[in-house]
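I have placed the structure first, in the form of structure tokens, so that the comments after it can refer back to it.
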Amino acid sequence: RFSTLSQINTKNVGRLKILCAYDTKEYTSFQSGLIVVNGALIGTTQYNIFSLDPASCHQNWRTHVASPPSLLSAARGAAYLDGRLFRGADDGRVLAYDFTTGKQLWATTIADPRRSESLPSAPIAWNGLVFIGVAGGDYKGVKGRMYALDAKTGRIAWEFFLVPRQPGDRVREI
């Protein structure tokens, strides 16, 4: 994640201090790439997505993601577009949430955890689409695939095999 912000630099970084702390109450690795949108700090854990006031750590909302763990249990962040937040889940679903309330708006399954596929990466949202890739090839030879989903509906716009598709490879219905 890149930011053009320059308020923190080599001359003032030593003056940073902790303003508040937030306990996720989950005992797992914390790999979330945090984002700030409209004054809210958005983060993900393996089983939650949350919105905080970054000045006070007041929790605006927190939504639990019901999902069994996968071999690659991680949640590396969310993406934002047009009032919606997006994330992947261990059970192969891409999930969309209302930015203000945390209410789940849609879920689309693109990976199969029975085949050791998961969605640990933070998606990218742009131009009406949500882009995310399937992980798991390092465990069971899963073929990587990239997807573009319609940000409003979750409908699969396209699927791209990163390793050439072979007979018998499952293709998601578009």
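The values are calculated or read from the model by the stated rules, or taken from the named source; none is laboratory data. If you're wondering where the values come from, they're calculated on a predicted model, not measured in any experiment. Glycine also receives a Cβ, built like all others from the backbone with ideal geometry; neighbour counts cover every protein chain displayed. The area values use the complete protein model at the heavy-atom level, side chains included, leaving out ligands, DNA and RNA. Shrake-Rupley method; radii C 1.70, N 1.55, O 1.52, S 1.80 Å.
Points to keep in mind about this one:
- Dmax and Rg, reported as Rg then Dmax, of the stretch 1-91 (C-alpha, Å): 14.6, 45
- Rh by Kirkwood over Cα pairs, then Stokes-Einstein D for the chain at 1.567 mPa s and 4 °C, µm²/s: 76 µm²/s
- About its Cα centre, the chain has a charge dipole of approximately 240 debye under the convention of +1 per Lys or Arg Cβ and -1 per Asp or Glu Cβ, with nothing else charged.
- Cut-off under 5 Å, modelled amide H: who pairs with A40 long-range: none
- The residues of the stretch 1-90 expose on average 62 square angstrom of accessible surface per residue, using a 1.4 Å probe on protein heavy atoms.
- Inter-label distance, nm, simple model (7 Å from Cα along the C-beta direction), R155/A55: 4.2 nm
- Farthest toward the positive end of the dipole of the stretch 13-130, out of G92, N38, L105, is the Cα of N38, where the dipole comes from beta carbon charges about the Cα centre.
- Taking all Cα pairs closer than 8 Å and separated by 6 or more residues, the relative contact order of the stretch 92-140 comes to 29 percent.
- Carbon and sulfur %, accessible surface of the stretch 36-174 computed with the full protein complex present, 1.4 Å: 53 percent
- Projected onto its three principal axes, the C-alpha set of the stretch 47-122 covers 41, 22, 18 Å, listed from the longest axis down.
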